[in-house]
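Every number in this text was worked out from the coordinates using simple rules, so none of it is lab data. Everything quoted here is computed from the prediction, not taken from an experiment. Neighbour counts run over all protein chains shown; Cβ positions are idealised from the backbone, glycine included.
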Amino acid sequence: MIKRLWGKPDKPSKQSAEPASTDNIPQHVAIIMDGNGRWAKNRGLPRVAGHHSGMKAVKRVTMAADRLGVKYLTLYAFSTENWKRPKAEVDYLMKLPQEFLEIELAELVQNNVQVRMMGYSQQLPSHTLQAVEEAVRQTAGNTGLVLNFALNYGSRMEMLEAVKQIADEVRNGQMSVEDIDENAMSSRLLTGGLPDPDLLIRTSGEIRLSNFMLWQLAYSEMWFTDVYWPEFTEEHFHEAIKEYQRRARRYGGL
Ligand code: FPP
C-alpha cells in the first residue's frame, strides 16, 4: 500500500470515466459511508485520519450528485450505535460537521444546496448542533440538492418513536386504528416529507444495513462496493448510477 499523508489531496482515479446518462437519475440517493478506519489502518494512520479523509469524499460526492441532478442525498454520518466507540473518536466525529461546514458552507449556499439533518439532536454536543443548525438556517431557502446528514440516526429508534406517537394519537382520540397506514407511519419518521431512497450505496465491502433507513429502503435498489469511503470518487458514484439505470424496478409487480 502506498503511504499517503493525512491532509494531502486524493489522487485522481484511474478508472475509465464513462459518465452516467442524465436520464433516469435516482431522485434520492442514500449512502452508508463505511471503511474510514480500515482505509487509515492500511496506511498506518490513526482512524480519525480516515474520517477526515472521508469528509473530503463527502464534498466530492455532493458535487457529483448535484451535477447529475440528484435531488436528495442522505449521508449516514453518525449512528445511534456509534456512541459505543472510544470517546476520542466520537469527539473527533462530532467536530467534523463543524469543520466541513466552516470550509464548505459558502460554496453550498452558492450552489443552491439545502442542508438538512436527520437524527436525534438532544445528545449532540452544542458545537455540533449549532454548526448544523446554522447551515440548515442559511440554506433553508435553497431549492437545489438537499444534502441530508443522518447524524445520531438509528432506524429502529425512529420507528419506535413513530409507533409511540401513533399510539398516543389513537389514545387521545386524534386518530383511529383504521387510519394507521403506510402514509401515517412514513410521515412520522425523521425523513418526514422526503421521498424514499431510490438507490442505497454502501462502501467498504460490508453487505448490511446497520440500522439505516429500514422502513424507507423497502424498495430501494442497492449497490455495494469494496472501495473504502475515503477513496470513493465521482467515477465510483457514476458507476453506481449506471448500475441503477440498468436495473428494472418492479415494486413487487411484474
Ligand atoms: C464508518 O466507517 C464511518 C463513520 C462511522 C463515520 C462517517 C463519517 C464521515 C465519512 C465523515 C462525515 C463528514 C461530515 C461532513 C459529517 P468506520 O469508521 O466504521 O470504518 P471501518 O469499518 O473501516 O472501521
Once normalised by the length of the chain, the mean sequence separation of its alpha carbon contacts under 8 Å that are 6 or more apart gives a contact order in percent of 28
Cα extents of the stretch 129-254 along the principal axes, largest first, in whole Å, come to 52, 46, 28
About its Cα centre, the chain carries a charge dipole, from +1 on Lys and Arg Cβ atoms and -1 on Asp and Glu Cβ atoms, whose size in debye to the nearest 20 is 1060
Taking a crude spin-label model, label points 7 Å out from Cα along the C-beta direction, the Gln165 to Tyr219 distance in nm is 2.2
Sorted by chain and then number, the residues having a modelled amide H within less than 5 Å of the amide H of Gly205, at least 5 places away or on another chain, are Thr225, Asp226, Val227
The pairs in Lys71/Lys95; Lys95/Lys242; Lys59/Lys84 lying past 31 Å Cα-Cα in this model are Lys95/Lys242
By the Kirkwood definition, with r running over pairs of different Cα atoms, the stretch 28-115 has a hydrodynamic radius in Å of 14.0
Normalised Cα Rg of the chain, dividing by 2.2 N^0.38 Å with N its residue count, works out at 1.04
Candidate span helices, the chain: DSSP H, at least 30 Å along axis from Cα coords, Kyte-Doolittle average at least 0.0, result 87-110
Residues Glu239, Glu133, Glu81 in order from fewest to most other beta-carbon atoms within 10 Å are Glu81, Glu133, Glu239
Under a Gaussian network model of the chain whose springs join Cα atoms within less than 10 Å, the largest fluctuation of Gly193, Gly119, Gly205 belongs to Gly193
For Trp229, Trp215, ascending order of other Cβ atoms within 10 Å (fewest first) is Trp215, Trp229
